[in-house]
Amino acid sequence: MTPPLLNIKKLSVAFKNSQQHLTQVVHQVSFQINLGEKLALVGESGSGKSVTALSIIKLHDRQRVNYPTGAIEFQGQNLLQKSEADLRRVRGKNIAMIFQEPMTSLNPVYPIGTQLIEPLLLHEGLSKSAARSRMLELLELTGLPEPHKRFNSYPHTLSGGQRQRVMIAMALACRPQLLIADEPTTALDVTIQLQILELLENMQQEFGMAVLLITHDLNLVKRFAERICVMQEGNLVESANAEKLFEQPQHAYTQHLLNSQPERIQTDYDYTTAPTPLLDAQQIRCYFPLSKNFFQRTDNEIKAVDEIDLHLYPGETLGIVGESGSGKTTLGLCVLRLQNCTGAIRFAGKQLDRLQTRQLRPLRRQLQVVFQDPYSSLSPRMTVEQIISEGLIIHYPDLNHQKRRERVIKILKEVGLQEDMLSRYPHEFSGGQRQRIAIARAVILEPQLILLDEPTSALDVSVQKQVLELLENLQRKHHISYLFISHDLKVIRAMSHRIMVMRHGCFIEQGETEKIFNHPQHPYTRSLLHASLFM
Amino acid sequence: MFKYQILIPSSILILWLILAILGPWFPLEPNHIILPNILQPPSLSEWLGYDDLGRPVLDRLMMGARTSFFVAFGVITVSLTVGTLIGTISGWFGGYIDLIIVRIMDVFLAFPGILLAIALSGILGPGIENVVFALSVVGWVGFARITRAQTLSLKHREHVLAARALGASIPRILRYHIIPLLMAPLLIEATFGIAGIVIAEAGLSFLGLGVQPPAASWGSMIRDGTGYMLVAPHIVLAPGLTLLLVVLSVNMLGDKLRDKLDVKSQ
Amino acid sequence: MPSFIISRLLSTLTVILGVITLIFLLIHLVPGDPVQAMLGETATPTDLEALRQALGLNQPLFTQWWQYMTHLLQGDLGTSLYSQEPIIDIMIERFPATLELAIAGLLVAILIALPLGSIAALRKDTIYDNSAMVFSLLGVSIPNFWLGPLLILLFSLTLGWFPVSGRENFLSLILPALTLGTALSAILARMIRSTLLEVLNEDYIRTARAKGLRESAIVIHHALRNASLPIITILGLQLGTLLGGAVITEIIFAWPGIGQLTIESIQRRDYPLVQACILLISVSYVLINTLTDVLYAWLDPRVRYSV
């Protein structure tokens, strides 16, 4: 049997902080990659997967990183013991890497061509024109449209997907034996994700290199990898062939990860009784002026939301799906009148669009929001008690301190938090806990409607499922209607009674969840489903 | 190491504060002219010697501490209040109010700061009130600009949107969700502002536009001494070193403050 | 890009208009009767009335402002009360000295700050970094009206290397330039350090490392080029500090520029000349900032190629 291409033996990685204090984040991790193999390294945030990947070509800050144990053998040579100069000959030539953020991974002040030919000039000593023609071929292969034209373009003129293609072409320039892809699709829209993943697969076959794919997304791996290593808190807990891992996960954490995939937890909604809608919005329209230049006043506009109708029944969840820039968040803010718009909004018998800010204030109790980012949606200088009780202070000014505290504690327990957290500040909590605080802040007012704007997108999968279950429980218990906004079709399917699909500010189609998933009418919905179900 | 970087500057500033507030109760004779002692170098009986008029340098230095302290805190109080108020209004309400305020700020920022202060105190005439006025006219813009920028970015943050969704009134949002978050950057700006004002006050006095003689300022002491540098360098060295120590201490504490508050905000 | 430049120029124009108006209003701040203040206690009522006529001070404020503006547009800055010369001639005579000093001070600042700031960033948390930051802390804290006399005491009076004051030859420029440039060099060194550290943490620097580029190539090609953008903006803004400092530096070294003229005119209560000096320095500052903005836009492809 031939020796493995890359052999990582008992690798530990630690970092020094400014006080020279060492913290170990990867503990004795061992795995191998064979020639031409597709290996995936999977784990949630903080699992040490990216740290491990960056260690292979030693891209960590040299002054801070420390390798207490282990070896990284590439083609029989220990990379950890190589000098910086020797390592440079490996980087980009034998081992290439692409990163998560295509928007920031290219230098903004140089045209992409200049950056693309760098590895060839460096490692193969090609002339500029030879390097140029070689890279143009590669760009063609990666499917960048009109590579000749784009060669001298600056990165900011390309979309995220196009930039990732450029990054892939650059990585393949010297025909590396190993390509490390660190979350290469995470920052992209779902339809683009699929394209990039297919491209990586094609390139892998074309060039016959080994690929190490780092990701948090188990589904992505199911389709792509031959072998999978699972990491948790700096340890490698399981590694197995892809099929075997999905069928018979051995380690408890792997089983937990697999079980965390959102499944439908919502019960069906009975539409036959034809209730009157709680919320009925007609022809919602919200345009943003594109540039307020001296000459061009408002002839350029982004149609963030363009003539959308929407209704929501009591106790129902309407899922609004769309990729980034589809206007789904703006629509949500519009119907709650947190964003200026035109159109008629009827809520619980009242015409919201006709009310002044002052008249609207008492109604705010009924209309609550939970945002995507639990880090910025809580006031950092307020305690948990102050945050959750603020709505009570505003809407029930007669409640005394004792009564308020009782209700805060009750709701805190309801969302799965403890009483002793009352006097703590948001930065002391994890993302999932903060999202529970945000939910408590909304639910304590016993609203009829909550706008959930990507409430689980910033969370790890295992936490995601718990939060979804909590939301579903609260809905049943308090008979709340949800406007559930998400780009993630799996989450939408798990939570929604009915779905509305949006794209570029326009309505695409809507219908009951299973109908849309099983019989999508519009081609865009079909491509969206295709991309996200495959992954 | 870390401890001394806070301990030493703090002690210097506390000394400055004590001198400024308790100055009148010390047995000082800053304006007592003793002709035979003109330009006398430091000695055991008079630690910092005498100046060109035969006045004790140490006594004048302590009086100068009072001048610079009151100018610094007067200016900071006025410009912080005015600047924060204008900046918050501009940032929160936006629209035409903001447009006009931004234009006015642009005009004030178009002057090199010290130059506007020189012109103002030159035209108003010397005197400590005019110095405070001139430096406040220059100083408010910095605070207004920071407050406006912060308010602008904070008002679109989700925690403010969440407060609006709760039905909070504008005063409540400003009081609980915006202003507490402005405190850290304003505190840092105010600290470095003090250093700048102390130098500016001394600079105006150096140019003869600051406090009136015979009142003492470190700046005017330096100016008076420059003519006698070869024979009596102590007249220039003493106020200059004092000024440097105070400004250095403020800047060091400002740096520490910035490091500390920045870490917390992340 | 062209529309960017045009809109930038328009906003520059409005700022300059505001600057002129504010300076115009300054003279109305003079406590009591400005004419009395200019001529002193001994002036006769006829002298006072004559000057009031000459300055147009008995007309409505708006008419005065309008006259001031129209005269300015024709290049007429008025006449000096002290020397009776046209102010424009005095400006033309004095301005080159200030320009020379400012450029020399800027050069000193850049020559000190660039190596200091870069080394501090590249050798973060080492002795080089710490010493550079101590220098920088001292530099921003030391007042130039004290540093100047100290330099004179050491290099002119004691060592005799440079002249004490005046503007004779290249040697006489050295000490004023050092005095003026030190504070800016300290601020700039800090800025360069923090900007460079920030840029070195960017994703595209990691991409460059992953390509196998040398550290020196990464710093020169990828980091410095990007860091130069914010540094240019800061430099433009800090030139205000430099121009303000020039006033004090010119006084210390008896440098015959606009700054010295400003203080002289204040002492002589020659208010039209004071107005003109402030106007000249402020407008130069505004124009420099416009220039740096345009330069920034030209250097940053994200702005250069935007529609």
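Descriptive notes on the structure:
- HN-Hα J in Hz across segment B:174-187 - Karplus 6.51, -1.76, 1.60, θ = phi - 60°, x for Gly and Pro: 4, 5, 9, 10, 10, 4, x, 7, 7, 4, 4, x, 5, 4
- Candidates C:236, C:40, C:244: whichever shows maximal mean-square fluctuation once chain C is modelled as a Gaussian network with Cα springs under 10 Å: C:40
- The calculated FRET efficiency for the pair residue C:302 and residue B:44, based on their C-beta separation and a Förster distance of 45 Å, comes to about 0.10.
- Protein accessible area in the protein assembly as shown, 1.4 Å probe - carbon and sulfur %: 58
- For segment C:131-150 and segment C:76-98, distance of Cα centres in Å: 34
- Those GluC sites (Glu not before Pro) in segment C:1-94 that DSSP places in a loop and that have at most 16 other beta carbons within 10 Å: C:41
- The C-B contact accounts for roughly 3600 square angstrom of buried accessible surface, both chains included, probe 1.4 angstrom.
- When trypsin sites (Lys or Arg not before Pro) are flagged only if DSSP places them in a loop and at most 11 other Cβ atoms lie within 10 Å, the longest unflagged stretch of chain A comes out as A:298-535.
- Between 0 and 90 degrees, the angle of helix A:523-534 with respect to the longest Cα principal axis of chain A falls at about 60 degrees.
- Among B:138, B:231, B:78, residue whose mean-square fluctuation peaks in a GNM of chain B (springs only between Cα atoms under 10 Å): B:231
- Inter-chain neighbour count for A:105-118: the average number of beta-carbon atoms from partner chains within 10 Å of each residue's beta-carbon is 5.
- Accessible area (Å², per residue) of segment C:90-305, counting only protein heavy atoms and a probe of 1.4 Å: 39
- Restricting the chymotrypsin sites (Phe, Trp or Tyr not before Pro) of segment B:1-95 to loop positions (DSSP other than H, G, I, E, B) with no more than 15 neighbouring Cβ atoms within 10 Å leaves B:47.
- Label-to-label distance for residue C:197 and residue C:88 is 5.2 nm, based on points extended 7 Å past Cα in the beta-carbon direction.
- For segment A:324-329, the Karplus equation 6.51 cos²θ - 1.76 cosθ + 1.60, evaluated at θ = phi - 60°, returns couplings of 5, x, 7, x, 5, 5 Hz by residue, with Gly and Pro reported as x.
- Choice from C:73, C:116, C:138 with maximal GNM fluctuation in chain C (Cα, 10 Å cutoff): C:73
- Residues residue C:99 and residue A:226, FRET efficiency given R0 of 60 Å [Cβ-Cβ distance, rounded to 0.05]: 0.30
- Per residue, in Å², the accessible surface of segment C:2-73 once ligands and nucleic acids are set aside, probe 1.4 Å: 57
- Between B and A, accessible area buried - total, square angstrom, nearest 100, 1.4 angstrom probe: 2000
- Nearby aspartates and glutamates by direct alpha-carbon distance to residue A:477 (threshold 16 angstrom, same-chain neighbours under 8 apart not counted): A:268, A:316, A:414, A:446, A:469
- Pairs beyond 25 Å (Cα-Cα), from B:3/C:124; A:82/A:244; A:10/A:58; A:350/A:413: A:82/A:244; A:350/A:413
- Sites residue B:26 and residue A:19 - FRET efficiency at Förster radius 35 Å, r taken between beta-carbons, to 0.05: 0.20
- All Cα-Cα distances of the protein assembly as shown, cut into 20 Å bins from zero to the largest, leave 10, 33, 34, 19, 4, 0 percent in each bin in turn.
- Threshold 30 Å², segment A:119-145 residues less accessible with all protein chains present than alone (1.4 Å probe): A:122
- Placing a pseudo-label 7 Å from each Cα along the Cα-to-Cβ vector at residue C:54 and residue A:348 gives an inter-label distance of 7.8 nm.
- By the rule of a C-alpha distance below 20 Å, with chain neighbours fewer than 8 residues away ignored, the aspartates and glutamates paired with residue A:149 are A:118, A:137, A:140.
- Average partner coverage of C:240-248, which counts Cβ from other chains inside 10 Å: 5
- Calculated from backbone phi, Karplus (6.51, -1.76, 1.60) coupling profile of segment B:135-144 in Hz, x at Gly/Pro: 6, 6, 4, 6, x, 5, 4, x, 5, 4
- Accessible surface, segment A:1-79, averaged per residue in Å² (probe 1.4 Å): 46
- Two-site label geometry, residue C:169 and residue C:124: point separation in nm, points 7 Å out along Cα→Cβ: 4.8
- Average partner coverage of C:297-303, which counts Cβ from other chains inside 10 Å: 3
- Burial of 10 Å² or greater, segment C:1-15 residues [accessible area, probe 1.4 Å, versus chain by itself]: C:3, C:6, C:7, C:10, C:11, C:14, C:15
- Size descriptors for segment B:51-265: radius of gyration and Dmax over Cα atoms are 20.5, 73 Å.
The values are calculated or read from the model by the stated rules, or taken from the named source; none is laboratory data. For clarity, every value in this text was computed on a predicted model and none was experimentally measured. Every residue, glycine among them, receives a Cβ derived from its backbone with ideal geometry; neighbour counts consider all protein chains shown. Calculation scope for accessible area: heavy atoms of the full protein, side chains included, ligands and nucleic acids excluded. Shrake-Rupley method; radii C 1.70, N 1.55, O 1.52, S 1.80 Å.
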